[in-house]
1. Could you please find all residues in the stretch 18-46 being open to solvent by 80 Å² or more (accessible area, probe 1.4 Å) and modelled with pLDDT under 80?
2. Yes or no: the stretch 47-67 includes at least one residue that is assigned to a strand (DSSP E or B), closer than 25 Å to Arg158 by Cβ, hydrophobic (A, V, I, L, M, F, W, C) and open to solvent by 10 Å² or more (accessible area, probe 1.4 Å).
3. So, of the residues in the stretch 238-269 that are within 31 Å of the chain's Cα centre (by Cα) and in a helix (DSSP H, G or I), which turns out to be modelled with the highest pLDDT?
4. Pick from Leu290, Leu183, Leu220, Leu275: which is under 30 Å from Gly40 (Cβ atoms) and not hydroxyl-bearing (Ser, Thr, Tyr)?
5. Can you list residue pairs whose Cβ atoms sit under 9 Å apart, with the first residue in the stretch 203-220 being within 15 Å of Ile255 (Cβ to Cβ) and in a helix (DSSP H, G or I) and the second being open to solvent by less than 90 Å² (accessible area, probe 1.4 Å) and acidic (Asp, Glu)? Count only pairs 6 or more apart in sequence or on different chains.
6. Looking at (1) at pLDDT 85 or above; (2) surrounded by 15 or more Cβ atoms within 10 Å (Cβ to Cβ); (3) not polar (S, T, N, Q), find the lone condition where Gly15 falls short.
7. Looking only at the stretch 87-107, filter to residues that are of a type outside the set (A, V, I, L, M, F, W, C) and touching a residue at least 40 places away in the same chain (Cβ under 8 Å); which one of those is farthest from Leu61 (Cα to Cα)?
8. From the list Leu47, Leu59, which residue is more than 12 Å from Leu146 (Cα to Cα), touching a residue at least 40 places away in the same chain (Cβ under 8 Å) and in contact with a helix residue (DSSP H, G or I) (Cβ under 6 Å, 6 or more places away or on another chain)?
Amino acid sequence: FGASLFWRRPASWLGWFGRYLHWEQRSYDSARSFGERVMGKTSLNVLPQAMARALLDELTLERAAVWLWQADRRSFVLAGSAGATEPPLPPILSGPGRTETISSRALRANLPELLPVWLQPLAGHSHIEAVVTLAADGAPVGLLGLGQRWDEEVFDDRDLAVAELVGQQATLFVLAATQVEELRRVPDRVAQAQERERLRLAGELHDTIQQFLGRLPFFLAVSRDLIRADPTTAAGILDRCLTDVEENAALLRGIRVNLAPNQLETSLARPLQGLVAHVQQRWPHLRVELNVRPDLD
């Protein structure tokens, strides 16, 4: 009992001195300072390192690390670290199962029995005392690795509470930066889609309209030469030309409608309904459902 009480308390004069300096105010001020330092970092290339540096300075840690979740790899990838460099941290940590949900919480790394299987590589890791999982709606976002504090050997429950508060801020920062990165990719994706559409239209015009216009003078010249000698054959050639003209005119109208649909000027719901009907008519085996609010327009 005496040993457990000793272990739960700071075991050095630095620890007692830190408690004397009002732990609650100092720790929560550090959490607020962490948010102020990281706020405004909207690049995922800069944010993890900035968070690691802020954790190290504001929480007075010996070491801090940030892993970000990569859904395509189903793993956490080390994105930023500060403080001690030895021993090296695992660059990749396997993530939870596909059906497993996680929540934002702080766990002691020196208690392996309390860590999930996918965090076992950090169990007992030197200079990592606590791990904070970052999650949103049960989906993983990242991890924070917190090293020892300068005034304490062990993270207690109050330290973990502040770590969870910092983790909640970090989750919001990572989500915001991810959304900003997605928005930054929108112009490039729009440009790529426009280029694909230009190539598609160029191919369609070349394979249909251009070829039709290229052979039309030949058919007209032949029909002109045959109109007296063989009126029946000339009439057949002209009928074929008329059919080709109507088909290519319809094709041009379709291209024009696809480029600038007039219906979109007054409504969005009606063109969507028409598109659904067109898709179902073209591919009857597909099941298409359209859910549109009545007040969309």
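1. Tyr20, His22, Glu24, Gln25, Tyr28
2. Going residue by residue through the stretch 47-67, those that are assigned to a strand (DSSP E or B) are 61, 63-67.
Subsequent filtering for residues that are closer than 25 Å to Arg158 by Cβ retains 61, 63-67.
So of that shortlist, the ones also hydrophobic (A, V, I, L, M, F, W, C) come out as 61, 64-67.
Subset that is open to solvent by 10 Å² or more (accessible area, probe 1.4 Å): 61.
Yes, the stretch 47-67 contains at least one residue that is assigned to a strand (DSSP E or B), closer than 25 Å to Arg158 by Cβ, hydrophobic (A, V, I, L, M, F, W, C) and open to solvent by 10 Å² or more (accessible area, probe 1.4 Å).
3. Ala269
4. Numbers: Leu290 fails: under 30 Å from Gly40 (Cβ atoms); Leu220 fails: under 30 Å from Gly40 (Cβ atoms); Leu275 fails: under 30 Å from Gly40 (Cβ atoms).
So the residue among Leu290, Leu183, Leu220, Leu275 that is under 30 Å from Gly40 (Cβ atoms) and not hydroxyl-bearing (Ser, Thr, Tyr) is Leu183.
5. Partner pairs satisfying both residue conditions: Phe212/Asp244.
6. Looking at each condition in turn, Gly15 falls short on (1).
7. Within the stretch 87-107, the subset of a type outside the set (A, V, I, L, M, F, W, C) is 87-88, 90-91, 94-101, 103-105.
Of the ones still in play, those that are also touching a residue at least 40 places away in the same chain (Cβ under 8 Å) are 87, 95-96, 104-105.
Working: Pro87: 16, Gly95: 25, Pro96: 27, Ser104: 20, Arg105: 19 Å.
This residue is Pro96.
8. Details: Leu59 fails: more than 12 Å from Leu146 (Cα to Cα).
None of the other options fit; the residue is Leu47.
The values are calculated or read from the model by the stated rules, or taken from the named source; none is laboratory data. Given the structure is predicted, the values throughout are model-derived calculations rather than measurements. Note: ideal-geometry Cβ built from the backbone for every residue, glycine included; neighbour counts use all protein chains shown. Accessible surface is based on the protein model in full, side chains and every heavy atom, while ligands, DNA and RNA are left aside. Shrake-Rupley method; radii C 1.70, N 1.55, O 1.52, S 1.80 Å.
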